[in-house]
Amino acid sequence: MNTFYSIIKEHFGELTEEEFQILNSFFYSETLSKNDFFTQSGSYCKKLSLVKTGFLRIYALSEGKEITHWISTPDYFITEISSFFFNQPSRWYIQALTPVELLTIDKQNYNKLCESVPKWKDIESQFIAKCFAILENRVFTHLSMSAEERYHLYFQENKALFNQVSLQYLASVLGMTPETFSRIRKRHSENP
C-alpha cells in the first residue's frame, strides 16, 4: 500500500501539512471479514473508506441475477456515491471478497471535515469529477471496444485480480458471459 498521504494527494490533490493532519484525524481503522457487507442495497451508506488490503465487490441484483459493477482493490476509495454524497438509498451491494482492512471516515466526521478544511468542498468536487471521468471511460470502452479488447485492457490494468477473484465476477465487470470470458482467457494464455 502507498502511504495514506500519497493516496490522498493522488485522489484529492495537494493539502498543506496542517490540512492533512486534520483530515487524517477523522479516519479510523476498520476491518471486514470475507463476505461481510460494507453496505447493502436499500440502506444508506454513511462512510467513505480507503482500501488498505483486500478486495470488495460492488454488485446489484437484476431479475435475481447478480451483476458485478466493479472490484475495488487496495489504494482506492470505496463508497456508494449516490448514498454517501446525495443521501439516497444505496443501489449497490458492496461485499468483501477477502478479509479487508480499511481506513474509514463516517458521514458525520466527513461533514466536520468540510467545516475544518475550508477548501475541502473544492477538493470534493474534483474527487467526484474524477469518479465520473472513470465511469465515462468505462462506458466508452464498453461501447467502443470488442470483448477481447476489453479483456486485454482490464488484464493489463488488474493482473492481480485474475488469480484472486472469481472469474465469473470479472466476466460480469467486463460485460460478458463467463463462457465468452473463458474463451478469451484461453486464447490470451495461449498467445500472451
Legend entry - Selected residue (criterion: surrounded by the most Cβ atoms within 10 Å (Cβ to Cβ)) from residues of the stretch 141-162 that are outside any helix (DSSP H, G or I) and modelled with pLDDT of 90 or more: 145
Legend entry - Contacts under 8 angstrom Cβ, first residue in the stretch 139-157 being within 15 Å of residue 187 (Cα to Cα), partner small (Gly, Ala, Ser) and surrounded by 13 or more Cβ atoms within 10 Å (Cβ to Cβ), 6 or more apart: 147/175; 150/175
Legend entry - Residue satisfying all of: in the stretch 167-192; among the small types (Gly, Ala, Ser) and without any contact (Cβ under 8 Å) to a residue 40 or more places away in the chain; nearest to residue 56 (Cα to Cα) among these: 171
Inset, instruction - Please give the number of the condition residue 34 fails out of (1) modelled with pLDDT of 90 or more; (2) within 25 Å of residue 115 (Cα to Cα); (3) within 18 Å of the chain's Cα centre (by Cα). - result: (2)
Legend entry - Residue match in the stretch 67-89 (condition: more than 22 Å from residue 118 (Cα to Cα), of a type in the set (Ser, Thr, Tyr) and over 18 Å from the mean Cα position of the chain (by Cα)): no
Inset, instruction - Collect the residues in the stretch 98-133 that are farther than 21 Å from residue 88 by Cβ and of a type in the set (D, E, K, R), keeping them in residue-number order. - result: 101, 112, 115, 119, 122
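Does residue 132 satisfy the condition of being under 16 Å from residue 173 (Cβ atoms) and among the hydrophobic types (A, V, I, L, M, F, W, C)?
Considered against the rule, which asks whether it is under 16 Å from residue 173 (Cβ atoms) and among the hydrophobic types (A, V, I, L, M, F, W, C), residue 132 comes out as no.
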Legend entry - the stretch 1-31 - residue that is among the aromatic types (Phe, Trp, Tyr) and at pLDDT 90 or above and, of those, farthest from the chain's Cα centre (by Cα): 26
Legend entry - Filter result (surrounded by fewer than 16 Cβ atoms within 10 Å (Cβ to Cβ) and not in a helix (DSSP H, G or I)) within the stretch 1-29: 1, 2, 3, 13, 14, 16, 28, 29
Legend entry - Test result for residue 94, within 23 Å of residue 32 (Cα to Cα), β-branched (Val, Ile, Thr) and buried (at least 17 other Cβ atoms within 10 Å of the Cβ): yes
Inset, instruction - Output the residues belonging to the stretch 34-75 that are over 17 Å from residue 166 (Cα atoms) and crowded, with 19+ Cβ neighbours inside 10 Å. - result: 38, 39, 45, 47, 48, 49, 50, 51
Legend entry - Unmet requirement for residue 134, which otherwise passes all of (1) at pLDDT 90 or above; (2) surrounded by fewer than 17 Cβ atoms within 10 Å (Cβ to Cβ); (3) of a type outside the set (Phe, Trp, Tyr): (1)
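The values are calculated or read from the model by the stated rules, or taken from the named source; none is laboratory data. Please read all numbers here as calculations on a predicted model, not as lab measurements. Reconstructed Cβ throughout: ideal geometry from the backbone, glycine too, with neighbour counts over all protein chains shown.
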